[in-house]
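These notes are about the structure you will find just below.
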Amino acid sequence: MTRALKIAFIVDPLEKLKAYKDSSIAMMRAAAARGHAVWAIQRPALSWRDGAVSARAVPLSLFADDHDWYRAGEAQQLPLAEFDAVLMRQDPPFDFEYVTATWLLERAVRDGVKVFNDPRAIRDHSEKLAILEFPAFAPTTLVAREAADLDAFIDEFGDVILKPLDGMGGSRIFRVAATDPNRNVIVETLTEDGTRTVMAQRYLPEIKDGDKRVLIIGGEVVPFTLARIPKAGETRGNLAAGGRGVAMPITAREREIAESLAPILWQRGLLIVGLDVIGGHLTEINVTSPTCMVEIAAQMGFDVAGLVIQRLEAALA
């Protein structure tokens, strides 16, 4: 029997979380079910003084009712070193405040605090640009900010996806054809007139079958994926953009990609990773707050959140 742990989750405001689909809540419930103490921290509450990183933390009691899923105890100012583990689950935007949080958490790590995902790894793994380390699995991709480069890419492939490097949930993603009369204004808008770098990728028609979320937990590949299938007339499969989530067994190609990356990413302290795969091509590596655990559990009966806590226990043993 694993000893009872004291686990802090750095999350968005509790009242804004949707318990019926939130992966962080699923992990909290899984931790509580295994006898661990669950605490919540808001990112703005992180601070450093006199050589230690601390935060106002709130103990939580967890319930199965999705409308009334927690009771919060009295907030306490605690050094992060009092927790057996801290799980960084803050959603983007990955702005300067987010980077500052990773700096503070990195200082805590140097003082012996176990933080997952590792703050340096979060900071060093741009969820869009991280695929550049694994070009054999990625679709044809251009990262640039000058209109001439982007226009040449659009002309070469005729049908491309343009996206900002700091978006999430499908925000500001455009499909642009060479003949699109709005292509110039799209490029100007996304690059803010050539002042911001963006990513362009060859359009993958397999998106009609879903943008697959492949989860890697503590170096272990989850055997089921969630295909996020675009609604009619839409290019994006993101659930936040109206996509429909359909869980299914992982394919041989998806497993090949995931198993190639899994040991590398786990060695870097990335406990929870969500790969995005379209038509057998790796398009993103999500490390800030990967989701889709609840949908996979509901449709396939595989307890992803429980696996997270089991792998966390093993890492702390």
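Would you confirm whether any residue within the stretch 106-113 is under 22 Å from the mean Cα position of the chain (by Cα), of a type in the set (Val, Ile, Thr) and under 30 Å from Cys292 (Cβ atoms)? Yes, that holds for at least one residue.
In this structure, Arg253 qualifies as of a type in the set (D, E, K, R), in a helix (DSSP H, G or I), out of contact with any helix residue (DSSP H, G or I) (no Cβ under 8 Å at 6 or more places or on another chain) and not assigned by TED's automatic domain parsing to the domain that holds Asp159. A Cβ distance below 9 Å, combined with a sequence gap of six or more or placement on separate chains, defines the contacts here; from the stretch 40-59, residues that are under 12 Å from Leu80 (Cβ atoms) reach residues that are assigned to a loop (DSSP other than H, G, I, E, B) and among the small types (Gly, Ala, Ser) in the pairs Ala45/Ala75; Arg56/Ala75; Ala57/Ala75. Each residue in the stretch 16-30 was checked for being in a helix (DSSP H, G or I) and either hydroxyl-bearing (Ser, Thr, Tyr) or closer than 22 Å to Gln77 by Cα (or both), and 3 of them qualify. Selection over the stretch 82-104 of residues that are assigned to a helix (DSSP H, G or I), of a type in the set (A, V, I, L, M) and under 22 Å from Lys128 (Cβ atoms) gives a count of 2.
Which one is nearest to Phe157 (Cα to Cα), of the residues in the stretch 193-220 that are among the aliphatic types (A, V, I, L, M) and touching a helix residue (DSSP H, G or I) at 6+ places or on another chain (Cβ under 7 Å)? It comes out as Ala200. Residues that are surrounded by 15 or more Cβ atoms within 10 Å (Cβ to Cβ), over 30 Å from Ala262 (Cα atoms) and among the charged types (D, E, K, R) do not occur anywhere in the stretch 185-196.
A count restricted to the stretch 154-173 and to residues that are surrounded by 15 or more Cβ atoms within 10 Å (Cβ to Cβ) and over 27 Å from Thr288 (Cβ atoms) stands at 3.
One residue is enough: does the stretch 274-290 have a residue meeting the conditions surrounded by 22 or more Cβ atoms within 10 Å (Cβ to Cβ), assigned to a helix (DSSP H, G or I) and touching a residue at least 12 places away in the same chain (Cβ under 8 Å)? No, because not a single residue in the stretch 274-290 is surrounded by 22 or more Cβ atoms within 10 Å (Cβ to Cβ), assigned to a helix (DSSP H, G or I) and touching a residue at least 12 places away in the same chain (Cβ under 8 Å).
Residues that are assigned to a loop (DSSP other than H, G, I, E, B) and crowded, with 16+ Cβ neighbours inside 10 Å within the stretch 105-143 comprise Val113, Lys114, Asn117, Asp118, His125, Ser126, Glu127, Lys128, Phe137, Ala138, Pro139, listed in sequence order.
The values are calculated or read from the model by the stated rules, or taken from the named source; none is laboratory data. As the structure is a computational prediction, the values presented were derived from the model and not from experiment. Note that we place each Cβ from the backbone using ideal geometry, even for glycine, and neighbour counts take in every protein chain shown.
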